[in-house]
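What follows is a short report on a single structure.
The values are calculated or read from the model by the stated rules, or taken from the named source; none is laboratory data. This structure is a prediction, so every number in the text was calculated from the model and none was measured. Counting neighbours? That spans all protein chains shown, and the Cβs are built from the backbone with ideal geometry, glycine included. For the accessible areas, the whole protein counts, side chains as well, though only heavy atoms, and no ligand, DNA or RNA atoms are used. Shrake-Rupley method; radii C 1.70, N 1.55, O 1.52, S 1.80 Å.
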Amino acid sequence: MITPSPNFVSTDLGRLHVQRSGTGPPVVLWHSLFIDSRSWKPLAVALAADRTVYCIDGPSHGKSEEVRRDFTFEEVAAAAEQALDRLGLTGPVDWLGNAWGGHVGIRLATGSRLRTLTTIGTPVQGFNLREKLATAWPLVAMYRLAGPSGFIMKQLFDSLLGADAIAAQPELAETIMASFHDADRTAMYRAMRSMMLKRTGIEDLLPRITVPTLVMSVRDDVTGWRPAEARETCTKIPDCRVEEVAGTGHVSPLLLDRDRILRLVTSFWRADVKTPKMPSK
């Protein structure tokens, strides 16, 4: 039986909570905005059979320290690098990012910190004005006024998870939703402002990605970033492949298609990629 050991690492965006489990070459998991690393649980348990799995709670999420100011994607990527340093992961690691975690990983993949990059449900375009006015601004404003009200919870998790994922994994879905509901309200508001309203497109970064990349698109994503957009994204990355996974929102494949995700990433790590060395202690 695997017994995870919780830990905290200091960064410029506060202390980040890290859950470590398993033994073997390192893989780092970073979750979607709004929720925390508990969303990875079934996949992390499976990966830990032959990998050392590091699940990081992003700033203002999960057990990580609250950030009570606006912050940038560049600051988040810098904090992720600092976390890798303080975990002793000085060599290249495999990175698995869900939505927000994919954005962080793309930034890291333009440097030398990663061995491979895998993204799940990570659109690369920024919000246009219509999307900001129709979706992002109202959600952030309502959250500021009412916190995680029933209406906001339904709107958000209908989009992130969808009814099928909630029905398929009700206990995990409840845990994921609780991670948003129970978050520090001021800190989550700042995170939503920072990561939603100020999100810009990152298409210019794609040709600069230096590592093999696996892009997983969500087959019926209600937010509109579907396989066709993923394939277009992949054409701009020097070494990239695309796979579809089941779901209707950025997070739903973790509940609906864990086994396929596991097969895809383990096969990807083996194929045409040199086996990483164990990190020195």
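Is it fair to say L197 is surrounded by fewer than 16 Cβ atoms within 10 Å (Cβ to Cβ), in contact with a helix residue (DSSP H, G or I) (Cβ under 8 Å, 6 or more places away or on another chain) and in contact (Cβ under 8 Å) with a residue 12 or more places away in the chain? Show your work before the answer.
Working: surrounded by fewer than 16 Cβ atoms within 10 Å (Cβ to Cβ): yes; in contact with a helix residue (DSSP H, G or I) (Cβ under 8 Å, 6 or more places away or on another chain): yes; in contact (Cβ under 8 Å) with a residue 12 or more places away in the chain: yes.
Considered against the rule, which asks whether it is surrounded by fewer than 16 Cβ atoms within 10 Å (Cβ to Cβ), in contact with a helix residue (DSSP H, G or I) (Cβ under 8 Å, 6 or more places away or on another chain) and in contact (Cβ under 8 Å) with a residue 12 or more places away in the chain, L197 comes out as yes.
Restricting to the stretch 32-65, and then to whatever is of a type in the set (S, T, Y) and over 13 Å from the mean Cα position of the chain (by Cα), can you tell me which residue is surrounded by the fewest Cβ atoms within 10 Å (Cβ to Cβ)? So that I can check it myself, show each step before the final result.
Looking only at the stretch 32-65, we keep the residues that are of a type in the set (S, T, Y), and these are 32, 37, 39, 52, 54, 60, 64.
After this cut, where a residue has to be over 13 Å from the mean Cα position of the chain (by Cα) as well, the list is 52, 60, 64.
Values: T52: 20, S60: 26, S64: 25.
Applying the filter and picking the extreme gives T52.
Which of the residues that make up the stretch 125-172 are within 17 Å of D221 (Cα to Cα) and not in a helix (DSSP H, G or I)?
Correct list: Q125, G126, F127, L161, G162.
Name the one entry in D220, D182, D239, D259 that is under 25 Å from T72 (Cα atoms) and either touching a His at 6+ places or on another chain (Cβ under 7 Å) or open to solvent by 60 Å² or more (accessible area, probe 1.4 Å) (or both). Walk me through how you get there before you give the answer.
Details: D220 fails: under 25 Å from T72 (Cα atoms); D239 fails: under 25 Å from T72 (Cα atoms); D259 fails: under 25 Å from T72 (Cα atoms).
Result: D182 is the single residue among D220, D182, D239, D259 that is under 25 Å from T72 (Cα atoms) and either touching a His at 6+ places or on another chain (Cβ under 7 Å) or open to solvent by 60 Å² or more (accessible area, probe 1.4 Å) (or both).
Assess whether P4 counts as being at pLDDT below 95 and either over 23 Å from I106 (Cα atoms) or buried (at least 16 other Cβ atoms within 10 Å of the Cβ) (or both).
Numbers: at pLDDT below 95: yes; either over 23 Å from I106 (Cα atoms) or buried (at least 16 other Cβ atoms within 10 Å of the Cβ) (or both): yes.
Yes; evaluated as a whole, the condition is true for this residue.
Tell me which of these R68 doesn't satisfy, since it passes every other one: (1) in contact with a Leu (Cβ under 9 Å, 6 or more places away or on another chain); (2) in a loop (DSSP other than H, G, I, E, B).
(1) is the only condition that R68 fails.
Checking the conditions here, which among T175, T223, T186 is assigned to a helix (DSSP H, G or I), closer than 23 Å to V265 by Cβ and either among the β-branched types (V, I, T) or in contact with a Leu (Cβ under 8 Å, 6 or more places away or on another chain) (or both)?
Values: T223 fails: assigned to a helix (DSSP H, G or I); T186 fails: closer than 23 Å to V265 by Cβ.
Of T175, T223, T186, the one residue that is assigned to a helix (DSSP H, G or I), closer than 23 Å to V265 by Cβ and either among the β-branched types (V, I, T) or in contact with a Leu (Cβ under 8 Å, 6 or more places away or on another chain) (or both) is T175.
Exactly one condition in (1) surrounded by 16 or more Cβ atoms within 10 Å (Cβ to Cβ); (2) out of contact with any helix residue (DSSP H, G or I) (no Cβ under 8 Å at 6 or more places or on another chain); (3) at pLDDT 95 or above is false for G91; which is it?
(3)
Could you tell me which numbered condition V245 fails, if it satisfies all but one of (1) over 17 Å from T213 (Cβ atoms); (2) open to solvent by less than 60 Å² (accessible area, probe 1.4 Å)?
Only one criterion is unmet by V245, namely (1).
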